[in-house]
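Structure record follows, encoded as structure tokens.
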Amino acid sequence: MEENSKLDKIVDARMKLKARFEQQMALTPSVSDLRPMGTGEINRHGMPKLPAGQVRTEKWPVLDLGFKPEISHQKWKLVIDGEVESPITLSWEDFMALPQAEDVSDFHCVTTWSRMDVPWAGVRFSDLAALVQPKASAKHILCHGYDKYTTNLSLEEALKDDVLLVHTADNKPLERDHGGPVRMITPQLYAWKGSKWISRIEFLSANKLGFWELRGYSNTAYPWRNDRYS
Ligand SMILES: Nc1nc2c(c(=O)[nH]1)N[C@H]1C(S)=C(S)[C@@H](COP(=O)(O)O)O[C@H]1N2
Ligand SMILES: [Mo]
């Protein structure tokens, strides 16, 4: 009973939050572009399966800043703060007690490889956002990794249903190489927008560029516009 009402509250808050961003979300390229660039059958979002300039891979390459932080479940914490009414710090147990989502989505790296149909499990970003109640001033997020990586997203992109903080990929615990215990995924944007080893989500009123965005990668990172560099 109590569990149910807690869940209802999160779902209700998520719906309200999405309603708040409905108009901006309708203007994002994945919803508004009439001719998304790419080839192949139409994917689950209505775009060609293979975005322009991408090549399908079966392997899963590993990209990082030169080292892979080792974060045990015990040490792992996720801070969600900034322009929110109720900042929180989640432990592994807190995180796993949140509503769990499963999804299958594609992973597009800006270095031109795409790994298709990855089964994921984790927590929806929109549920986490609902939990902390973004203030009216909140428009963007900056995600931080345990390796000091950062990457920025607009809330209308981050709130899409398939943006997850995943702990499971290919039906196995997410490997440390790929950002385990928990990373973010952004299936409708290039994969650098999803921080591995995620440690903090900072809500912001003004856009702030992340690690690669400061070094010439696109702020918006939309694969079906070949939107790689700024
Ligand atoms: N914390 C952190 N997250 C990161 C990166 C990183 O170096 N550090 N690299 C990004 C880039 S450029 C890509 S393409 C993907 C790669 O994820 P993978 O190594 O699991 O393929 O993670 C993104 N997230
Ligand atoms: Mo990348």
Hey, among the residues in the stretch 185-204 that are closer than 29 Å to residue 33 by Cα and polar (S, T, N, Q), which one's farthest from ligand 2 (Cβ to nearest atom)?
188
Yes or no: the stretch 133-154 includes at least one residue that is surrounded by 17 or more Cβ atoms within 10 Å (Cβ to Cβ), away from ligand 1 (no atom under 15 Å from the Cβ) and under 13 Å from the mean Cα position of the chain (by Cα).
yes
Pick out the one residue from 129, 101 that is in contact with a Gly (Cβ under 7 Å, 6 or more places away or on another chain) and among the small types (Gly, Ala, Ser).
101
Subset of the stretch 142-167 [over 25 Å from residue 8 (Cβ atoms) and more than 16 Å from ligand 2 (Cβ to nearest atom)]
142, 144, 146, 148, 154, 157
I want to confirm something. Restricting to the stretch 1-32 and keeping residues that are at pLDDT 95 or above and not in a helix (DSSP H, G or I), which single residue is surrounded by the most Cβ atoms within 10 Å (Cβ to Cβ)?
21
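This table checks each residue for (1) under 27 Å from residue 115 (Cβ atoms); (2) assigned to a loop (DSSP other than H, G, I, E, B); (3) within 16 Å of ligand 2 (Cβ to nearest atom); (4) modelled with pLDDT under 95.
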| site | (1), (2), (3), (4) |
| --- | --- |
| 59 | yes, yes, yes, no |
| 62 | yes, yes, yes, no |
| 65 | yes, yes, yes, no |
| 71 | yes, yes, no, no |
| 75 | no, yes, no, no |
| 78 | yes, no, no, no |
| 93 | no, no, no, no |
Counting just the residues of the stretch 193-204 that are in a strand (DSSP E or B) and in contact with a helix residue (DSSP H, G or I) (Cβ under 9 Å, 6 or more places away or on another chain), which one comes out farthest from residue 103 (Cα to Cα)?
203
Just wondering, is there one or more residues in the stretch 110-117 that are of a type outside the set (Asp, Glu), under 20 Å from residue 159 (Cβ atoms) and either part of a strand (DSSP E or B) or out of contact with any Ser or Thr (no Cβ under 8 Å at 6 or more places or on another chain) (or both)?
no
Of the criteria (1) at pLDDT below 95; (2) surrounded by fewer than 15 Cβ atoms within 10 Å (Cβ to Cβ); (3) within 21 Å of the chain's Cα centre (by Cα), which one residue 45 fails
(2)
Give the residues of the stretch 211-223 that are under 17 Å from residue 156 (Cα atoms) and surrounded by 18 or more Cβ atoms within 10 Å (Cβ to Cβ), sorted by residue number.
218, 221, 222, 223
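Okay, residues lined up against (1) of a type in the set (A, V, I, L, M); (2) more than 16 Å from ligand 1 (Cβ to nearest atom):
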site: 28; (1), (2): no, yes
site: 47; (1), (2): yes, yes
site: 52; (1), (2): yes, yes
site: 61; (1), (2): no, no
site: 80; (1), (2): yes, yes
site: 87; (1), (2): no, yes
site: 96; (1), (2): yes, yes
site: 102; (1), (2): no, yes
site: 113; (1), (2): no, no
Extreme residue, farthest from residue 88 (Cα to Cα), among residues of the stretch 111-128 that are touching a helix residue (DSSP H, G or I) at 6+ places or on another chain (Cβ under 6 Å) and not aromatic (Phe, Trp, Tyr)
126
Conditions (1) charged (D, E, K, R); (2) surrounded by 13 or more Cβ atoms within 10 Å (Cβ to Cβ); (3) part of a strand (DSSP E or B); (4) in contact with a Phe, Trp or Tyr (Cβ under 9 Å, 6 or more places away or on another chain): number failed by residue 106:
(4)
Inspect all residues belonging to the stretch 30-39 and state whether any of them is closer than 24 Å to residue 127 by Cβ and either without any contact (Cβ under 8 Å) to a residue 24 or more places away in the chain or β-branched (Val, Ile, Thr) (or both).
yes
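The values are calculated or read from the model by the stated rules, or taken from the named source; none is laboratory data. Just so it is clear, the structure is predicted and the values come from calculations on it, not from any experiment. As a convention, Cβ positions derive from the backbone with ideal geometry for all residues, glycine included, and neighbour counts pool all protein chains shown.
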